[in-house]
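Take a look at this one; I'll ask things after.
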Amino acid sequence: MIGWILLLGPENGLINVWIKDLFGLEKSVFNIFTMTGMIFVEGVLWTPVVFLFMAAPFRSMDPSLEESAYMSGASVAKSFYHITLKLGLPSVLSVLLLTFVRAVEAFEIPALVGIPGGIMVLTTEIYLKLKTGLLPQYGPASAYGVVLIFFVSLGLYLYSNATRQAQKFYTITGKGFRPRLLDVGKWRCATTGLVLLLPILLVLPMLVLLWSSILPYYVKPSREALSAVTFANYVSAFHSSNVLGALKNSLFISIVSATATMLLTSITAWLVIRSNIRGRWLPEQLASFTLSFPSVVLGVALLLTYLKLPVPIYGTIWILVVAYITRYIPYGIRYCSPGLLQINKELEESAQMSGAPWGVVFRKIVVPLMMPSLFAGWIYIFLLSVRELTVALMLYSPGSQVISVIIFEMWDFGKTGDLAAFSVSICLILVTIAAMFHKLSKRYGLQI
């Protein structure tokens with residue numbers, strides 16, 4: 001987000017400066033502090049997330065269904081629309097639901113871009129109601145939360161209604177199969193350009209952050225600026241013990257919360273989809289309930305809850321672990337449910353008829369077949385936990401700071417160089433961790 005501000009800022013944004021110098025313009029072409037700028041950055045940031053959501057289910061899909069359509073004379077487009085897309089309906093609806101909710105309750109981009117541009121959205125209004133004035137205005141903030149509950153409940157109802165007949169979405173059965181790669185033919189250049197577009201959009205803000213991190217103050221790239229290159233910002237960024245402590249806290253909290261969340265949601269998904277117990281729909285609805293709360297409202301609610309409960313986690317990192325699990329259980333459900341819907345129940349029934357208890361069936365059959373979805377969900381929740389800002393701002397205390405809080409404070413204090421150096425270092429660490437788990441997921445998941 002900060003990289004995009006350095007790129008598209010109306011005054012000193014690098015792209016605007018280059019365009020003005022190239023064409024001799026007096027006014028900036030782009031202004032990120034607008035509604036269009038907010039939508040653009042939010043869309044770019046969410047595109048990798050959508051890919052993670054869609055990749056695992058489509059990778060697990062039986063290609064014989066599409067091949068049957070091709071042999072019947074259907075084109076690639078018709079086969080994709082009538083078979084592939086409809087079989088992936090649970091995943092598509094999950095993506096639409098979660099991206100819509102996440103966009104509605106997003107706080108970081110509206111706070112950093114919207115407030116300076118005079119653009120207020122729901123979450124910034126709630127934040128200001130809670131943080132400005134002599135006393136927090138819990139009434140208006142709660143009213144906004146009720147509005148979100150209505151919209152999210154409507155989305156959950158539509159999702160449940162569309163996936164009610166689970167057998168329509170089975171793509172993993174007792175028959176062996178291997179996913180099939182499609183030759184795009186004459187569309188190779190277009191698809192290559194599309195595939196390269198997203199990395200370029202993701203790399204640009206990282207490059208400007210890298211440039212800013214090796215300069216004592218931010219200036220546009222030039223030969224003269226190269227003479228001022230220094231690594232003092234990296235030394236300064238990690239000089240404080242609070243920074244190292246925040247890094248350790250973030251990694252510990254994110255690993256524990258992601259693991260616990262996927263474990264809980266995999267069992268919850270099985271109870272909802274497979275079991276015949278009365279009221280089995282209730283766990284999923286309760287697990288999805290936190291989706292309806294903006295992060296700022298949820299943070300305050302958790303703060304008041306664990307401040308009053310006789311549970312000694314207030315003021316420790318464990319309140320953040322509990323908060324992140326509470327926060328991301330709906331996301332785990334959205335990963336586990338589509339993955340489980342694709343597994344035919346006959347596989348579990350065969351094992352049970354052979355005398356295997358439920359625990360063995362779940363561990364030896366269900367979990368391995370769900371592994372692509374589980375790993376994708378784990379990586380997603382881990383990365384979200386590391387960058388979670390709003391809940392952390394509400395719940396952190398001295399000694400329990402996390403990475404996002406440190407970055408927010410650096411930006412607030414105008415330490416652009418230290419912030420850039422710290423952000424680049426954190427991104428390298430997170431990319432390395434994500435790559436390791438992605439490689440691990442390929443080893444234990446379905447191979448292409």
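Would you work out if the range 299-448 is rounded, prolate or oblate? Take a ≥ b ≥ c from the square roots of the eigenvalues of the alpha-carbon gyration tensor; rounded if a/c is under 1.5, else prolate when a/b is larger than b/c, oblate otherwise.
Oblate shape, in that a/c is at least 1.5 and b/c is the bigger or equal ratio.
Within the range 17-31, which residues have the backbone N less than 17 Å from the label spot 7 Å out from ILE119 along Cα→beta-carbon, could you tell me?
The answer is 28-31.
Let me ask something else. Compute the distance in nm between two label points, each set 7 Å from the Cα along the Cα-to-Cβ direction, one at THR259 and one at GLU224.
Result for the modelled spin labels: 5.4 nm.
Treating only the Cβ of Lys, Arg, Asp and Glu as charged (+1, +1, -1, -1), what charge dipole size does the range 1-126 show about its Cα centre? Round to the nearest 20 debye.
Here the range 1-126 has a charge dipole of around 240 debye.
Structure shown: which of LYS129/LYS308; LYS248/LYS439; LYS86/LYS345; LYS86/LYS186; LYS248/LYS415; LYS20/LYS129 lie over 28 Å apart, alpha-carbon to alpha-carbon?
Going by Cα-Cα distance, LYS20/LYS129 fall outside the 28 Å limit.
Can you give the FRET efficiency to the nearest 0.05 for PHE100 and VAL195, using r as the Cβ-Cβ distance and R₀ = 25 Å?
The value I calculate is 0.50.
Take the alpha carbon atoms of the range 184-208, find their center, do the same for the range 1-65, and report the distance between the two centers in whole angstrom.
If we compute the Cα centre of each part, the gap is 13 Å.
Show me the three semi-axes of the equivalent ellipsoid for the range 198-310, from the C-alpha gyration tensor (sqrt of 5 times each eigenvalue), largest first, rounded to whole Å.
45, 20, 14
Run the quick spin-label model on LEU282 and VAL311: label points 7 Å from Cα toward the beta carbon, then report their separation in nm to one decimal.
Taking the simple label geometry, LEU282 and VAL311 are separated by 1.9 nm.
Where a number appears in this text, it was derived from the coordinates with a stated rule and is not lab data. Values in this document were obtained by computation on a predicted structure and should not be read as measured data. Backbone-built Cβ (ideal geometry, glycine too); neighbour counts: all protein chains shown.
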